[in-house]
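The values are calculated or read from the model by the stated rules, or taken from the named source; none is laboratory data. Nothing here was measured: the structure is a model prediction, and the numbers come from that model. Here the Cβ positions follow ideal geometry from the backbone for every residue, glycine too, while neighbour counts run over all protein chains shown. Note: accessible area is taken over every heavy atom of the protein model, side chains too, but ligands, DNA and RNA are not part of it. Shrake-Rupley method; radii C 1.70, N 1.55, O 1.52, S 1.80 Å.
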Amino acid sequence: MAPRKNATVSSRKTSAKSAAKASNGGPVADFDRDEELKAYREMLLIRRFEEKAGQLYGMGFIGGFCHLYIGQEAVVVGMQMAQKDGDQVITAYRDHGHMLATGMSARGVMAELTGRRNGYSHGKGGSMHMFSKEKHFYGGHGIVGAQVSLGTGLAFANRYRGNDSVSVAYFGDGAANQGQVYESFNMAALWKLPIIYIVENNRYAMGTSTARATAQSNYSLRGSGFGIPGVQVDGMDVRAVKAAADEALEHCRSGKGPIILEMLTYRYRGHSMSDPAKYRSKDEVQKMRSEHDPIEQVRQRLVEKGWASEDDLKAIDKDVRDIVADSADFAQNDPEPDASALYTDILL
Ligand SMILES: Cc1ncc(C[n+]2csc(CCOP(=O)(O)OP(=O)(O)O)c2C)c(N)n1
Ligand SMILES: [Mg+2]
């Protein structure tokens, strides 16, 4: 698929780009060894964390909903590699990867998933409702599309305070059909708010494919009625995400207002833990895994360029597995909140 740019996008200057292209023909950032290793490690941490969360859910340690991010790791990692401290992140319920990418601790996230005292919301928010002011992570929201309006509010606060922070608001292809998204677009364009709207187009809402649910499936064009530029990005290639993020952040910081990045991505697991995923074929999933896996792409480059040996990669894998195992141990040994906690952290 050719990269399609909304007509209102001018050709902007980008940071280091290489001659290589993403699978949709878009630009990719020219990563050095450290950046490739960083991307590899961060994506692997999310993948292993999610696998462990899936196991703990199966064992009954996690109650309620749990939506895994496996397959989409390159989106948050590529974005975070371009952001600077102070930029806010807000997303929906498929949020564990976003939190880990901002630097929130695996222990705190896992303890929250299991409803324990030292979780980020003291065990009272669970998978969908975690926050870290310190890491500028504003949730974790279960109401589809709500985070888009809240993220626009964060961008308004940046403008009001005169800082140069950018709000990064993630939402899905399903959420992109919600009315409040367009009310937010209107205000963001009118007031030139510094916000990147990221549509994580993983091709499905709960079980409805974009082809069945949406009249305009090129989500990068969804802001054109408001004059908001948009770009389609290969969301399986972390270098493509980083290149798009650099441009979009520069666009926002230079006062040009909002921008949309449509990340072409894919989730490997079901919508939530109870989804048998009968709406798509096993072949479709397998093809994405074997031909576009975001982690495998980086692994291959590291090996081909001689930047990491199989032993180096095994050592990273072990390190990451240790962090995840530690988070699971921590979470299972952490006490549940006291019953009196029912009356704290609430607005009356
Ligand atoms: C306002 C609202 N309507 C419906 C739901 C039920 N619901 C939960 S997730 C979901 C699908 C959203 O899909 P998408 O935005 O593509 O995100 P993804 O799960 O693919 O990450 C729906 C309809 C909800 N939580 N909130
Ligand atoms: Mg979706």
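Worth pointing out:
- Exceeding the 25 Å Cα-Cα cut-off - candidates Lys282/Lys314; Lys38/Lys135; Lys21/Lys305; Lys52/Lys318; Lys52/Lys305: Lys282/Lys314; Lys52/Lys305
- Mean separation of Cα contacts under 8 Å (6+ apart) over length of the chain, as relative contact order %: 24 percent
- Principal axis analysis of the Cα atoms in the stretch 33-327 yields extents of 51, 45, 40 Å, listed in decreasing size.
- The trypsin sites (Lys or Arg not before Pro) of the stretch 10-92 that DSSP puts in a loop, and whose beta carbon has at most 12 other beta carbons within 10 Å, are Lys13, Lys84.
- Solvent exposure, largest accessible area first (probe 1.4 Å, DNA, RNA and ligands not counted), of Ile143, Ile195: Ile143, Ile195
- The charge dipole of the chain, taken about the Cα centre with unit charges on the Cβ atoms of Lys, Arg (+1) and Asp, Glu (-1), comes to about 960 debye, rounded to the nearest 20.
- For the stretch 33-327, the share of DSSP beta bridges that are antiparallel, to the nearest 5, is 10%.
- Within the shell of other residues whose beta carbon sits under 12 angstrom from the beta carbon of Gly255, the net charge comes to +2, with Lys and Arg scored +1 and Asp and Glu -1.
- Accessible surface comparison of Arg159, Arg321, Arg267, Arg280, probe 1.4 Å, protein chains only, largest first: the order is Arg321, Arg159, Arg280, Arg267.
- Largest GNM mean-square fluctuation among Ser121, Ser281, Ser132, using the chain with Cα springs under 10 Å: Ser281.
- Cross-link partners of Lys133 among aspartates and glutamates (Cα-Cα below 18 Å; sequence separation of 8 or more within a chain): Asp85, Asp87, Asp95, Glu112, Asp164, Asp345
- Relative contact order of the stretch 132-172, defined on C-alpha pairs under 8 angstrom at six or more residues apart (%): 36 percent
- Surface exposure of the chain, expressed per residue as accessible area with a 1.4 Å probe, stands at 44 Å².
- Dipole of the chain, positive end: most advanced residue of Val148, Gly125, Tyr40 [Cβ charges, Cα centre]: Val148
- Radius, Kirkwood style, for the stretch 49-90 when every pair of distinct Cα atoms is counted (Å): 12.3 Å
- Heavy atoms of Tyr57 accessible to a 1.4 Å probe, total area in Å² rounded to 10: 70 Å²
- Here the stretch 230-348 has 51 percent of its accessible surface on carbon and sulfur atoms, given a 1.4 Å probe and all protein chains in place.
- Based on C-alpha pairs under 8 angstrom that are at least 6 apart in sequence, the stretch 234-287 has a relative contact order of 31 percent.
- Heavy-atom accessible area for His136, with the other protein chains in place and a 1.4 Å probe, reaches approximately 40 Å².
- Ordered from highest to lowest accessible area with the whole protein assembly present and a 1.4 Å probe, Asp237, Asp345 read as Asp345, Asp237.
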